[in-house]
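Participant: My structure is below; once you've seen it, I'll send some questions.
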Amino acid sequence: MSAKIISGTKIAKQIRAELVKELIELKEKHNIVPGLATVLVGANPASLVYVGAKERISKELGIYSERYDLPEETVEEELLTLIDKLNSDPKINGILIQLPLPKQINGTKILNAINPEKDVDGFHPVNLGKLMIGEADYLPCTPYGIQQLLIRSGVKIEGAEVAIVGRSNIVGKPMANILLQKAEGANATVTVCHTGTRDISSHTRRADILIVAAGKPKAITADMVKSGAAVIDVGVNRIGKTPEGKSMLVGDVDFEAVKEKAGAITPVPGGVGPMTIIMLMTNTVKAAKLSSKLTPTKRI
Ligand code: GUN
């Protein structure tokens, strides 16, 4: 039997509708309009698409948006000056610095400079530390979106065996920390596999939930998946162009084969991608509420 397809497009729409209501209430009751600044350094084609989508969706939702496009050769000092300005601008509740940054800029130094209260990406060490001890204000958007996908599509997380393939700071590591908390929508047993793992299949085959952020097409084949597992594919690999000149995207999972074995699976595109963006909007609304001492909406 073919797996249930977990549609990130559909679930992101549900969350979007919730945010629209929340934003109307914020404006009408409190006269608050959350503000998001997006910063892109250089012109990485994938980053241009992501930042464009983040700016467009924030505008559609009625979030105040400022976009900064800086040249590839920008030096660290210039970016730090911009971050300082945004840190002290009361119209701006969230600051997003699109990654990766050009090599002359020290990414850690930049992320450390963002006021943790405006760190809607959840990448500041303060926010990552809070996540680790179960006190997070902002969860990194991709793993946060994956948790929402699982919860809202009825996948049982509590007590599940979870295997994560990939240990990046923006997906694998925060994902593990989210799902292992003793909390609702978590409390799972988590294994993180990476390039140093001796036998990845021995872990993935035991997983009730398999989350893949490996950065390689077909990194996960059907023989690596437990029957009935929920498979979340974070991969975005561009493999050539369609006849119309659009990029063809595939994930890290051999979708056609794995969907015959899994119980549920996310497609690429239309799986994790739309969730990342809507969780950024969720974090921005939360940042605006926290800065005005209002109680944020609980989503887990
Ligand atoms: N690059 C890839 N994913 C992300 C993300 O979630 N946030 C930012 N800022 N950059 C990214």
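Participant: ILE151 is checked against (1) part of a helix (DSSP H, G or I); (2) under 27 Å from SER202 (Cβ atoms) and fails just one. What number does that condition carry?
Facilitator: (2)
Participant: Here's something else I'd like to know. Consider only pairs whose beta carbons are under 9 Å apart and that are at least six residues apart or on different chains; among these, list those whose first residue lies in region 63-86 and is in contact (Cβ under 8 Å) with a residue 60 or more places away in the chain and whose second residue is not in a helix (DSSP H, G or I).
Facilitator: As it stands, the answer is ILE63/VAL33; ILE63/PRO34; ILE63/GLY35; ILE63/LEU36; ILE63/ASN93; ILE63/GLY94, since those pairs meet every condition given.
Participant: Taking the condition in contact with a strand residue (DSSP E or B) (Cβ under 6 Å, 6 or more places away or on another chain) and more than 16 Å from the ligand (Cβ to nearest atom), does ILE32 pass? So that I can check it myself, show each step before the final result.
Facilitator: Working: in contact with a strand residue (DSSP E or B) (Cβ under 6 Å, 6 or more places away or on another chain): no; more than 16 Å from the ligand (Cβ to nearest atom): yes.
Judged against the criteria, ILE32 is not a match.
Participant: Taking region 164-184 only, how many residues are more than 14 Å from the ligand (Cβ to nearest atom), assigned to a helix (DSSP H, G or I) and small (Gly, Ala, Ser)?
Facilitator: 1
Participant: Picking from ILE63, ILE57, ILE114, ILE110, which residue would you name as being surrounded by 19 or more Cβ atoms within 10 Å (Cβ to Cβ), more than 15 Å from the ligand (Cβ to nearest atom) and among the hydrophobic types (A, V, I, L, M, F, W, C)?
Facilitator: Working: ILE57 fails: more than 15 Å from the ligand (Cβ to nearest atom); ILE114 fails: more than 15 Å from the ligand (Cβ to nearest atom); ILE110 fails: more than 15 Å from the ligand (Cβ to nearest atom).
Selected residue: ILE63, the only one of ILE63, ILE57, ILE114, ILE110 that is surrounded by 19 or more Cβ atoms within 10 Å (Cβ to Cβ), more than 15 Å from the ligand (Cβ to nearest atom) and among the hydrophobic types (A, V, I, L, M, F, W, C).
Participant: Of all residues being more than 23 Å from PRO45 (Cβ to Cβ) and of a type in the set (S, T, N, Q) in region 66-98, which is farthest from the ligand (Cβ to nearest atom)? Just the residue, please.
Facilitator: Residue satisfying both the conditions and the ranking: SER88.
Participant: If I go through region 125-145 residue by residue, how many of them are away from the ligand (no atom under 12 Å from the Cβ) and not in a loop (DSSP other than H, G, I, E, B)?
Facilitator: 8
Participant: Got at least one residue in region 140-149 being at pLDDT 95 or above and over 26 Å from LEU111 (Cβ atoms)? Break it down into steps so the answer makes sense when it comes.
Facilitator: Restricting attention to region 140-149, the residues satisfying the condition of being at pLDDT 95 or above are 140-149.
Subset that is over 26 Å from LEU111 (Cβ atoms): none.
No: zero hits.
Participant: When the residues of region 72-107 are filtered to those that are of a type in the set (Gly, Ala, Ser) and not in a loop (DSSP other than H, G, I, E, B), which remaining residue is surrounded by the most Cβ atoms within 10 Å (Cβ to Cβ)? Break it down stepwise before answering.
Facilitator: So the first thing to find is which residues in region 72-107 are of a type in the set (Gly, Ala, Ser), and the list is 88, 94, 107.
Applying the additional criterion that residues be not in a loop (DSSP other than H, G, I, E, B) yields 94, 107.
On the way: GLY94: 29, GLY107: 16.
So, considering only residues that are of a type in the set (Gly, Ala, Ser) and not in a loop (DSSP other than H, G, I, E, B), the one surrounded by the most Cβ atoms within 10 Å (Cβ to Cβ) is GLY94.
Participant: Still on this model: Take the residues of region 248-300 that are without any contact (Cβ under 8 Å) to a residue 60 or more places away in the chain and within 16 Å of the ligand (Cβ to nearest atom): which is surrounded by the most Cβ atoms within 10 Å (Cβ to Cβ)? Don't jump to the end; show me each part of the working.
Facilitator: To start, the set of residues in region 248-300 that are without any contact (Cβ under 8 Å) to a residue 60 or more places away in the chain comprises 248-251, 253-257, 268-269, 293, 295-296, 298.
In the following step, the residues that additionally are within 16 Å of the ligand (Cβ to nearest atom) were identified as 249, 251, 268-269.
On the way: LEU249: 16, GLY251: 30, VAL268: 21, PRO269: 16.
My answer is GLY251.
Participant: Could you count how many residues in region 1-12 are within 20 Å of SER58 (Cα to Cα) and either touching a Leu at 6+ places or on another chain (Cβ under 7 Å) or free of Cβ contacts under 8 Å to residues at least 24 places away in the same chain (or both)? Explain how you work it out, then say what you get.
Facilitator: Applying the first criterion (within 20 Å of SER58 (Cα to Cα)) to region 1-12 yields 8-12.
Now drop any that are not either touching a Leu at 6+ places or on another chain (Cβ under 7 Å) or free of Cβ contacts under 8 Å to residues at least 24 places away in the same chain (or both), which leaves 8, 10-11.
So the answer is 3.
The values are calculated or read from the model by the stated rules, or taken from the named source; none is laboratory data. What you are looking at is a predicted structure, and each value in this text was computed from that prediction instead of being measured. Please note: Cβ atoms are built from the backbone with ideal geometry, for glycine as well, and neighbour counts cover all protein chains shown.
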